[in-house]
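Working notes for the structure below.
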Amino acid sequence: MRKYVLGVGAALCALVVGASALLAAEDKVVHVYNWSDYIDDTILKEFEAETGIKVVYDTFDSNDTLETKLLTGNTGYDVVVPSGSFLARQITAGVFRELDRAKLTNYGNMDPAIMARVAIWDEGNKHAVPYMWGTTGIAYNVKKIKERMPDAPVDSFRMVFDPEVIAKFKDCGVYLMDEVDDMHQIVLNYLGEDGNSQNAETLKKVVPVLKAVRPFVTKFHNSAQIEALANGDICLTMGWSGDMLQAKNRAIEAKNGVDIAFSIPREGTLMFFDMLAIPADAPHPDNAHAFIDYLMRPEVIAKASNYIFYANGNAAATKLVDPAIVNDPSVYPPPDVMKKLFVVTPYDAKLQRVATRQFSSIRGGE
Amino acid sequence: MTFGAATREATRARWAARASLILKPLQSALDAFPPSRWLMRRLDRRALKGRLLAIAPPYAWLLIFFLAPFAIVLKISFAEPDVAMPPYTEVFALIEDAGSFFLSIKLNFSNYLLLIEDDLYLRAYLNSLKIAAISTALALMVGFPIAYAMARAPRRWRGALVMMMILPFWTSFLIRVYAWIGILKNEGLLNGFLQWLGVIGEPLTILNTDFAVYIGIVYSYLPFMVLPLYAALERMDESLLEAASDLGCRPVKAFWVITVPLAAPGIIAGSFLVFIPVVGEVVIPDLLGGSDTLMIGRLLWAEFFSNHDWPVASAVAMILLLILVIPIVLFQRHQAARQEAAR
Amino acid sequence: MASGPTTRRTFEPWDDPKSKPILRVSSVSKSYGSVTAVDQLSLDIHRGEFFALLGPSGCGKTTLLRMLAGFERPDTGRIELDGVDMTAVPPYRRPVNMMFQSYALFPHMSVEGNIAFGLKQEGLPAREIKTRVAEALALVQLPDYGRRKPHQLSGGQRQRVALARSLVKRPKMLLLDEPLAALDRKLREETQFELMTIQEQVGITFVIVTHDQDEAMTMASRIAVMDRGRIAQVAPPTEIYEQPNSRYVADFIGSVNLFEGNYVGGDGAPTMRCAEAGCDLSLAQPLLVAPGHRLWVAIRPEKLEISREPPPPGTLNCLSGVVWDIGYLGDFSTYRVKLDSGKIVSAAEANRMRLTERTISWEDRVYLRWVPQAAVALLS
Ligand SMILES: Nc1ncnc2c1ncn2[C@@H]1O[C@H](COP(=O)(O)OP(=O)(O)OP(=O)(O)O)[C@@H](O)[C@H]1O
Ligand SMILES: [Mg+2]
C-alpha cells in the first residue's frame, strides 16, 4: 500500500519536475535559505534588478534546523548556507550537488588561503564556497561590567568559564551559546586540550567547567542575545562576532546609552565558515549558480560585510570593505590572533550523542 | 529579523513536537481497531451500506492523518541513525537470493533501551507530567471563576464574553508569548510597576524561571479550560442552587456538592485539553523558562535537531504517546459509562 | 367543583380571632426596576391550611412565593413565620421548603440522595436519615425507586420525588410553585387528590401557586386571587365563587354574565336599572349606597334558567333574546343568547336529556330567568 502510494507520489513528482523543466529552461526565481540578520537587503534587490531572477529569502538561526531540513529532503531551496563542520557531514549524506565552476565566473576572486582552510570539510572545494566567516567570542555591556568588576578579564574566556568571575555578573544576566559542538570545542580549547578532540573521555572534561558556572547562566541561546544585549537586558554573553557587533550598532542607533564591546578571547576560539552550497534536489540550480556568482563579486560581498560586520573569504574584496571593519581586530584578526583560531570536524553519531547528553544535563542544571 | 527567525524556528519546533502527539485520534483509533470484520458481523447487511458511507470519512481521516504517520514514526523508532537522506536505516528491505525474494525486517531495540538506561529521559517525562499537572491545576483555579462569571453573566453579554476569550487566538501565539517576555523581564512592565508601587525594591527575577513557564502556559491554554467549563456551567439550572439553599445548604457548600459535580464533565474535558498538549510543550519553556526547565518536548527537539537521531526521537515520541494514551483511554471509558448511564 | 371534602367544612381558623396565623405578611412590596411585582401586599395564613395563590400570568405569584422562601428580599414590609421575623433570614435558615416548578432535582444524585440532601444538611444520624427517606418514599408511593437517578423517572414520578424531598424536612410551611403544571390533565387530577391526602397526613401548611382555577377550587381551603401585585380577595373557594367582591374576581373565576346599571333604592325590593338588560334587575338585598350609584350584577351561566315559553307577565329578572350559538360540552350545553340590546349572555344547562331531544335551537326566541339570590351585586 505504502509502496503504491510512494510510487504514485514519485511519479507525480517526476511529472511536475519534468513538466516544469519543459515549460521553461528555469523559472526566474531562486530560493535562498540563509542565517537570520545575515545580508543587506539591497543586495537582493540589486540582484533581482540585474538578472530578473526573483529572490525568495528565508532564514534560520541554527545549523541544526538547516540540517534537519536538508536531511529530510525536498526543501525546495536552491542556495543554503551551512557552517563548515555541518557541511562536511551533509556532503557525506549526499545532500549537495557539485558546483559547476564554469558558471562561477568570479571564482578567481576567492582567497586561496581561506579556500585551503575550508577544504578540510569539502575536499577539493567541490561543493561550496565560503560566504562569511567569524569567531565565537565574548560580548559585554561595558558600563555594567566595569561597575561590577573594574579589572574584569574582558579579553579572556575566564569571563564566562571562571566561576569566580562570572558570579559577579549573575545579577545583570549572562547568556551562553546553545550549540552542543561549539561549546565543547571552545571549552576544551580553553582548558588547553585539543578543541577538535574526537575522544569521548576528553569530552568529559568539559562537564565540570560548565557545571561550575551553570548557576550563573541566565540562558543558553544562539540568537536572542542580539536583542537582549542591545536592550541592556543582559550584560555578558558568548556570541558570534558579527552578531555581537550588530548588537553594538543597534544599541548605538537606539541611543539607549548601552555601550557594547566584543572581544576574541586570548585563549583562542572556534572559527566558523558559513558556506554557500546547492542542494542536490534544488529546483533552480542555474539561478543558484548565478546567485552565488553574484555574491563572489568583490563589490557585492564587500557591501555585505559592511552591513553585517563579518569577514568574507574574497581576497579581491578586502580593499573595498570599510576600513573600520577591516581594521577591527575582532572581525579581521591580526596574524597572532589568527594563529590561535581553530576549526573542527564533525563528531560521529556516537560522540555526538555523548556531547548532546552532557550538554543537556549541564543546561538542565543537574 | 532575529525575531522573525526565532519565531519560525519555534513554530517549527512546535509542529515537530506536535506532529508526534496527535493524541486524540489515537484513542479513537484504538477503539476502532478491532476493525471492520467485527463491525460487519454486528451490522445488518442492508443497514451496513448506509452506515459504511457515514463512517467512512472519519475513518479515512484517521487512517491518513493519524495511523499512517503513527506507523511511520513507529517504524523509524526501530531504525538506526545513519548519515544519509533521510538520516536513518531502512527497517524493511527486499532481498534477492538466487531468484527468490525475501522481506528482511531489521528491528533495532536499542533506541528504547537507551530511554530506559539513561535516567535523563525518565526525569524529563516525569517533570513534563509534573509541569503539565501543576499547569492544569492552575488553569483550573484561574479558569473556573472566569467560566462561572461568564455563565452567570446576563445572557446578552455571554456571546461577547466568549468572543473575548477566543479573541487572543486570532493573533500569533508566539507574539503573545514574546509579549510576556516584555512583561516579565527584570526591566519589564511588571517589575517596573511593582517598583513604582514601592512593593519591591529590587526587581524580581521571574523570566527564565519555572514560574514564568507556568504563567505562559496558563495564559496560553486558559481558553481550552474556560470554554468547556463554561459550556458545562451554562447548562446548569440555577434553580438547583436555590433548591440546595432551600434545603438548608449554605452557598459555599452548595458550590462543592452541586456546582462542582455538575461541572465535572467540563472540568475533565478542560483538564485534558490543557494537560495533554502541555506535556509536549516546547515553545513556552524555551522562551520563558530557564535552561533548566527539563521537559520531554525539549529533549525530543534535541534528539531530532542536535543529535540528528531520528530513531531515538521517534522512540521518545512513541513512549510519550503511550504515557498519554492511558489516561485518555480511562477517560473514554468513564465517558462511555456516563453516556450509558444517561440513556 | 365548588367545595372541598366534607372534613374541611369545620376547619375555618381564619374566622377564629384566637387563632394565631403561622404566616403573616405585612405590606410587602417588591419591584424589579420599574415593574412592581408585589405591591403593599398583606396576608395571613393559618396552620394546616391549604392555601392557593391564584391570578393571571405576571401578577406576582412567584415573586411572593420566592419572598416567602427567602430567594428574594422584599423592598418594604415584613414576613413573619410562627411569630419570628423572617424578612432578612437567608433561605437555608428558614423552616420553609419549596417545591420548584421545574422540580430542580439534583441530576447527579439518586432519588434517595435527593431526598436525604436536606436531612444531611441538618446533620442527622445516618440511621435516622435512612428511615425518614424510606418514609418519604412510601408517602409518595415510590418505595422501590430510591436508587434511580432523576433522568430515569417519568414526569409524574419526578414530581413526587420533588414533593418527598421538600416534605422530608418537615418544614413549617411548604411552598409549591405550579407543582402540577407539567402533568397531563388526568395525572394532574389524580395528583391533586394525592396532594390533599398527603397534606392531611403530614399536617403541614401548604401554599400553592397555580394558574388553574379548577385546581385551586379543588384543593384549597382558601384562595387568594391576585391582581397586579395586590390581593383582590381572600376567601374559601365557595365564597370566592359565590360571593366575589369585584368584577375582577367574578370574571376571573369561572364565567359570568355582568350587567352594568344604576342603583334604584326601594326598601323591600331593591333593583338596578339596566339599559343592557332592557329592564330593571332585582337585587337580593338593599345596598348601602345612594340611589343612582353605579353598580354591576354578576350572574353565573348555570344559574340562568332558559326557556322558550314566555314567562308570566310581571316576572322579575326576565330577559329575552335570540339563540345565537350553542356549545355542547357533554355534561353541559351553553347557550349564547343575543339580547334585544345586542348584549350576549351565556346560559348553561345540564344535559339531562339526550341531545336529539333538545328543544331549543338556533334562532329560537328564548327567555332567561333567575331568582334574585342567584345574582351578586358588585360595586367595583
Ligand atoms: N427577576 C426579575 N427581573 C425583572 N422582572 C421580574 C423578575 N421576576 C419577575 N419579574 C416581573 O415581575 C412581575 C411578576 O412576576 P412573577 O414571576 O411573580 O409572576 P407570576 O404571577 O408568577 O406569573 P406566572 O403565572 O406567569 O408564573 C412580572 O411582570 C415579571 O415580569
Ligand atoms: Mg410564576
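The values are calculated or read from the model by the stated rules, or taken from the named source; none is laboratory data. Because the structure is predicted, anything quoted here is derived from the model rather than measured. Ideal geometry is used to build each Cβ from the backbone, glycine not excepted, and the neighbour counts take in all protein chains shown. In case anyone asks, the SASA skips ligands and DNA or RNA and just uses the protein heavy atoms, side chains included. Shrake-Rupley method; radii C 1.70, N 1.55, O 1.52, S 1.80 Å.
Count, please, the residues in the stretch C:207-223 that happen to be part of a strand (DSSP E or B) and either away from ligand 2 (no atom under 15 Å from the Cβ) or closer than 20 Å to residue C:172 by Cα (or both).
Count: 5.
Conditions first: (1) among the charged types (D, E, K, R); (2) open to solvent by less than 50 Å² (accessible area, probe 1.4 Å); (3) modelled with pLDDT of 90 or more. Residue C:178 passes all but one, so which condition is the exception?
Every listed condition holds for residue C:178 apart from (3).
Quick check on residue B:154: is it without any contact (Cβ under 8 Å) to a residue 60 or more places away in the chain, farther than 21 Å from residue A:170 by Cβ and more than 26 Å from the chain's Cα centre (by Cα)?
yes
Take the stretch A:114-139 and flag every residue that is over 18 Å from residue A:342 (Cβ atoms) and either among the acidic types (Asp, Glu) or within 14 Å of chain B (Cβ to nearest Cβ) (or both).
Selection gives A:123 alone.
Would the stretch B:277-290 turn up any residue that is closer than 24 Å to residue B:233 by Cβ, at pLDDT 85 or above and open to solvent by 10 Å² or more (accessible area, probe 1.4 Å)?
Yes, there is a match, as at least one residue in the stretch B:277-290 is closer than 24 Å to residue B:233 by Cβ, at pLDDT 85 or above and open to solvent by 10 Å² or more (accessible area, probe 1.4 Å).
When only residues in the stretch C:85-124 that are surrounded by 16 or more Cβ atoms within 10 Å (Cβ to Cβ) and at positive phi count, which is nearest to the other protein chains (Cβ to nearest Cβ)?
By that ranking, first place goes to C:104.
Residue-wise test of (1) in contact with a Lys or Arg (Cβ under 6 Å, 6 or more places away or on another chain); (2) free of Cβ contacts under 8 Å to residues at least 40 places away in the same chain; (3) within 14 Å of another protein chain (Cβ to nearest Cβ); (4) surrounded by 24 or more Cβ atoms within 10 Å (Cβ to Cβ).
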residue	(1), (2), (3), (4)
A:71	no, yes, yes, no
A:74	no, no, yes, no
A:82	no, no, yes, yes
A:85	no, no, yes, no
A:96	no, no, yes, no
A:112	no, no, no, no
A:149	yes, yes, no, no
A:153	no, yes, no, no
A:164	no, yes, no, no
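Report whether or not residue C:144 is modelled with pLDDT of 85 or more, within 16 Å of ligand 2 (Cβ to nearest atom) and either open to solvent by 70 Å² or more (accessible area, probe 1.4 Å) or within 12 Å of chain B (Cβ to nearest Cβ) (or both).
No.
Could you check the stretch C:158-191 and list, in sequence order, the residues that are among the β-branched types (Val, Ile, Thr) and under 19 Å from the mean Cα position of the chain (by Cα)?
Going residue by residue through the stretch C:158-191, those that are among the β-branched types (Val, Ile, Thr) are C:161, C:168, C:191.
Within the stretch C:158-191, just C:191 meets the criteria.
If you go through the stretch B:99-117 one residue at a time, do you hit one that is closer than 30 Å to residue B:264 by Cβ, open to solvent by 60 Å² or more (accessible area, probe 1.4 Å) and either at pLDDT 90 or above or in the same structural domain as residue B:231 (by TED's automatic domain parsing) (or both)?
So the first thing to find is which residues in the stretch B:99-117 are closer than 30 Å to residue B:264 by Cβ, and the list is none.
No, the stretch B:99-117 has no match at all.
Restricting to the stretch A:240-258, name every residue that is surrounded by 21 or more Cβ atoms within 10 Å (Cβ to Cβ) and more than 18 Å from residue A:331 (Cα to Cα).
The one that is surrounded by 21 or more Cβ atoms within 10 Å (Cβ to Cβ) and more than 18 Å from residue A:331 (Cα to Cα): A:258.
Among the residues that make up the stretch C:42-55, is at least one of them closer than 14 Å to residue C:207 by Cα, facing chain B (nearest Cβ under 9 Å) and within 13 Å of ligand 1 (Cβ to nearest atom)?
Looking through the stretch C:42-55, none of the residues is closer than 14 Å to residue C:207 by Cα, facing chain B (nearest Cβ under 9 Å) and within 13 Å of ligand 1 (Cβ to nearest atom).
Could you run through the stretch A:39-52 and say how many residues are assigned to a loop (DSSP other than H, G, I, E, B) and surrounded by fewer than 23 Cβ atoms within 10 Å (Cβ to Cβ)?
Result for the stretch A:39-52: 2.
Hey, among the residues in the stretch B:168-198 that are among the aliphatic types (A, V, I, L, M) and over 17 Å from residue B:217 (Cα atoms), which one's most open to solvent (accessible area, probe 1.4 Å)?
Looking at the filtered set, the residue picked out is B:189.
Consider residue B:248 carefully, then state whether it is open to solvent by less than 40 Å² (accessible area, probe 1.4 Å) and not in a helix (DSSP H, G or I).
yes
Has the stretch B:292-307 got at least one residue that is within 14 Å of chain A (Cβ to nearest Cβ) and over 22 Å from the mean Cα position of the chain (by Cα)?
Scanning the stretch B:292-307, I find at least one residue that is within 14 Å of chain A (Cβ to nearest Cβ) and over 22 Å from the mean Cα position of the chain (by Cα), so the answer is yes.
Take the residues in the stretch C:230-245 that are assigned to a loop (DSSP other than H, G, I, E, B) and at pLDDT below 90, then tell me which one is farthest from ligand 1 (Cβ to nearest atom).
C:243
Exactly one of (1) of a type outside the set (Asp, Glu); (2) surrounded by 14 or more Cβ atoms within 10 Å (Cβ to Cβ); (3) modelled with pLDDT of 85 or more is unmet by residue C:197. Its number?
For residue C:197, the failing item is (2).
Anything in the stretch C:57-84 that is within 14 Å of another protein chain (Cβ to nearest Cβ), open to solvent by 40 Å² or more (accessible area, probe 1.4 Å) and within 13 Å of ligand 2 (Cβ to nearest atom)? List them, or say none.
Residues satisfying the conditions are C:62, C:66.
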